[in-house]
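**Student:** Please see the structure below; I have some questions.
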Amino acid sequence: MTAHPIIQTPTKHDFWFLPLGGTGEIGMNMNLYGHNKQWLMVDCGMGFLHEGLQEKRVCADPQFIEQQSENLQAIIVTHAHEDHLGAIMELWPRLQAPVYASPFAYQLLLNKLNSVTWGHSIPLFQIEFQRSYDFGEFSVTWLPMPHSVPEAASLLIETPIAKVLHTGDWKIDANPVLGQPFNPQLYSLIGSYGIDAMICDSTNAVKEGSTLSESACYQGLYQTIAKSKNRVVVGCFSSNIARLVTIAKIAAKTKRKMATFGRSMETMVSIAKRLNYWPKNLELIDPKHIGYLPPEEVLVVATGSQAEPRAALTKLANQRHPWLFLDEGDTVIFSSIKIPPNKERIDRLIERLRSQQVEVIHAEDSTIPLHASGHPAKQDLLQLFNLVKPKTLIPTHGEPQHLQALADLAKQAGINEVCHGSNGDLFKIAPFVKKQAEFTKTGFIELSI
């Protein structure tokens, strides 16, 4: 007989954090919390694997939790980004746990599930912010936190023996255009409960200062669009509804008509309208009609800021888009960053556009703000440390240099215990703090859905 490996599970005296994806890389976020033989999954996201010119959609290998899926109480979604929920459809048949998400993320998941015949079988639930939900031994409260998509959340996760704040993706923003501003009083209150550990976004921990407010993008984008005499195309992330609203306001002020190109952007705008995030006075025209307008009246917001091969911006650069052709003197604005694995591909796309005498302006090369990050820089991190006062800090959501930078910052800030590692390492939070390296094997699997 073949011996089955013994699966180590937490006792009633233990509170564990076990990242399977997203700690040591950006993307594929999949985290487990364990207590008293039960598990809670926070996020189930996808990522991209680049092999030469090929790009594969992948997610973290769920084998560890799949082997004990009967102990998985729920799958919790922090927000509506693909690197946090994009693998749920693929993995749910293997995990079979109920899924809980905020209204915006719920609607996005619902849209995905409607595309498959078995989608209705997934138990999907919509939560309310600042209300506590019980999942077996775990109590979870979704806390509002600004980010670059509506309704991002931090999670207060409580068990009888420990309390954790899982920050999710976040930033400090007093004027986020849409949604609630950062609430220091709320997080000071959370800190008064006695937070045993904070599991924290490290994406921008290498950056000095504070992250720019989303509202700061308006003036830079307005100045850039207003001076253009011909068509303007703006490339940005489709989930950044606040950015889309800002551009729609600029379209109205500059007497242009705005259309969106790209299926994901159309989906996000549709959800925003359904949930009343889209102002009723900001009209979008049918994208099929935009090509018939005079050039000075055209403003298109397109997918493809990362030069994805099948996205709208790439089709425009290749003169293959069915609804619009770019001419000499048109302007393309990249209201985004260059995510490191995509940099060469983005640069090639920019050169292709410039070879057609299209003016290209990238946010990273601009002296005025054309993009704002959704992640905290060093001063923002220090502010949250000071409010929450966690006993232990565990960096996540970043590559090794980001994790190390956050760990160093936490030590400088005087946090008692700083414990950092990577996917597959077990972080014991109670009854004592300890990292057990390489607790379980991790890896990735290719997505087919």
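**Student:** Collect the residues in segment 410-440 that are within 18 Å of GLY24 (Cα to Cα), out of contact with any Asp or Glu (no Cβ under 8 Å at 6 or more places or on another chain) and not in a strand (DSSP E or B), keeping them in residue-number order.
**Tutor:** ALA410, CYS419, HIS420, GLY421, SER422, THR440
**Student:** All but one of (1) under 18 Å from LEU316 (Cβ atoms); (2) touching a residue at least 24 places away in the same chain (Cβ under 8 Å); (3) in contact with a strand residue (DSSP E or B) (Cβ under 7 Å, 6 or more places away or on another chain) hold for GLU266; which doesn't?
**Tutor:** For GLU266, the exception is condition (2).
**Student:** What's the total number of residues in segment 318-351 that are closer than 19 Å to PHE261 by Cα and surrounded by fewer than 17 Cβ atoms within 10 Å (Cβ to Cβ)?
**Tutor:** Final tally of qualifying residues: 6.
**Student:** Got a number for residues in segment 291-317 being surrounded by fewer than 22 Cβ atoms within 10 Å (Cβ to Cβ) and either among the aliphatic types (A, V, I, L, M) or in the same structural domain as LEU49 (by TED's automatic domain parsing) (or both)?
**Tutor:** Number of matching residues: 1.
**Student:** Please work out which one of (1) under 17 Å from the mean Cα position of the chain (by Cα); (2) aromatic (Phe, Trp, Tyr); (3) under 30 Å from SER192 (Cβ atoms) is the condition TYR106 fails and give its number.
**Tutor:** (3)
**Student:** Looking at segment 166-186 only, could you name the residues that are more than 28 Å from MET268 (Cβ to Cβ) and in contact (Cβ under 8 Å) with a residue 60 or more places away in the chain?
**Tutor:** PRO184
**Student:** Residue under question is GLU308, and the condition is that it be at pLDDT below 95, farther than 27 Å from ILE172 by Cα and assigned to a loop (DSSP other than H, G, I, E, B); does it hold?
**Tutor:** yes
**Student:** With the checklist (1) in contact with a Pro (Cβ under 7 Å, 6 or more places away or on another chain); (2) at positive phi; (3) surrounded by fewer than 14 Cβ atoms within 10 Å (Cβ to Cβ) in hand, flag the one item ALA174 doesn't pass.
**Tutor:** (2)
**Student:** State all residues of segment 272-287 that are aromatic (Phe, Trp, Tyr) and closer than 15 Å to ILE250 by Cα; if no residue qualifies, say none. Talk me through it step by step, then tell me what you get.
**Tutor:** Pass one, segment 272-287, residues aromatic (Phe, Trp, Tyr): 277-278.
Once the filter is applied, which keeps residues that are aromatic (Phe, Trp, Tyr) and closer than 15 Å to ILE250 by Cα, segment 272-287 yields only TRP278.
**Student:** State which residue is surrounded by the most Cβ atoms within 10 Å (Cβ to Cβ) when the search covers only segment 8-58 and only residues that are part of a loop (DSSP other than H, G, I, E, B) and touching a His at 6+ places or on another chain (Cβ under 8 Å).
**Tutor:** So the residue we want is ASN29.
**Student:** Tell me which residues, restricted to segment 119-154, are within 30 Å of PHE432 (Cβ to Cβ) and assigned to a loop (DSSP other than H, G, I, E, B).
**Tutor:** Those that are within 30 Å of PHE432 (Cβ to Cβ) and assigned to a loop (DSSP other than H, G, I, E, B): GLY136, GLU137, MET145.
For (1) in contact (Cβ under 8 Å) with a residue 12 or more places away in the chain; (2) buried (at least 22 other Cβ atoms within 10 Å of the Cβ); (3) in contact with a strand residue (DSSP E or B) (Cβ under 8 Å, 6 or more places away or on another chain); (4) under 29 Å from SER373 (Cα atoms), each residue gets a yes or a no:
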position	(1), (2), (3), (4)
PHE64	yes, no, yes, no
GLN67	yes, no, no, no
ILE75	yes, yes, yes, yes
PRO103	yes, no, yes, yes
ILE127	yes, no, yes, yes
ARG131	no, no, yes, yes
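**Student:** Pick out the one residue from LYS257, LYS249, LYS280 that is loosely packed, with under 14 Cβ neighbours inside 10 Å and not assigned by TED's automatic domain parsing to the domain that holds ASP173.
**Tutor:** Step by step, each of LYS257, LYS249, LYS280 is checked, and only LYS280 is loosely packed, with under 14 Cβ neighbours inside 10 Å and not assigned by TED's automatic domain parsing to the domain that holds ASP173.
**Student:** Somewhere in segment 101-118, is a residue of a type in the set (A, V, I, L, M, F, W, C), under 17 Å from CYS44 (Cα atoms) and either at pLDDT below 95 or in a loop (DSSP other than H, G, I, E, B) (or both)?
**Tutor:** Yes, segment 101-118 has at least one match.
**Student:** Within segment 209-239, restricting attention to residues that are among the polar types (S, T, N, Q) and in contact with a His (Cβ under 9 Å, 6 or more places away or on another chain), which residue is surrounded by the fewest Cβ atoms within 10 Å (Cβ to Cβ)?
**Tutor:** My answer is THR211.
**Student:** Do any strands (runs of 3 or more DSSP E) lying entirely in segment 155-270 carry at least 1 residues that are in contact with a Gly (Cβ under 6 Å, 6 or more places away or on another chain), and which ones are they? Spell out how you get there, then give the answer.
**Tutor:** Numbers: elements: 163-166, 197-201, 232-235, 257-261.
Passing ranges, in order: 232-235.
**Student:** Considering only residues that are more than 23 Å from the chain's Cα centre (by Cα) and of a type outside the set (Ser, Thr, Tyr), look in segment 124-145 and name the one that is farthest from LEU275 (Cα to Cα).
**Tutor:** Applying the filter and picking the extreme gives GLU137.
**Student:** Any residue in segment 220-233 that's farther than 18 Å from ASP327 by Cβ: show its pairings with residues that are assigned to a loop (DSSP other than H, G, I, E, B) and among the small types (Gly, Ala, Ser) at Cβ separation under 8 Å, as long as the two are six or more apart or on different chains.
**Tutor:** GLY220/SER366; LEU221/SER335; THR224/SER366
**Student:** Hey, another quick one. Restricting to strands (runs of 3 or more DSSP E) lying wholly in segment 324-405: which have 1 or more residues that are free of Cβ contacts under 8 Å to residues at least 40 places away in the same chain and under 24 Å from the mean Cα position of the chain (by Cα)?
**Tutor:** Output list reads 359-362.
**Student:** Any chance segment 71-92 includes a residue that's modelled with pLDDT of 95 or more, part of a strand (DSSP E or B) and under 30 Å from ARG310 (Cα atoms)?
**Tutor:** Checked against the condition, which is being modelled with pLDDT of 95 or more, part of a strand (DSSP E or B) and under 30 Å from ARG310 (Cα atoms), segment 71-92 yields no hits at all.
**Student:** So is TYR193 without any contact (Cβ under 8 Å) to a residue 40 or more places away in the chain, surrounded by fewer than 22 Cβ atoms within 10 Å (Cβ to Cβ) and outside the structural domain of GLN38 (by TED's automatic domain parsing) or not?
**Tutor:** no
The values are calculated or read from the model by the stated rules, or taken from the named source; none is laboratory data. Owing to the predicted nature of the structure, the values given are computational and were not obtained by experimental measurement. Reconstructed Cβ throughout: ideal geometry from the backbone, glycine too, with neighbour counts over all protein chains shown.
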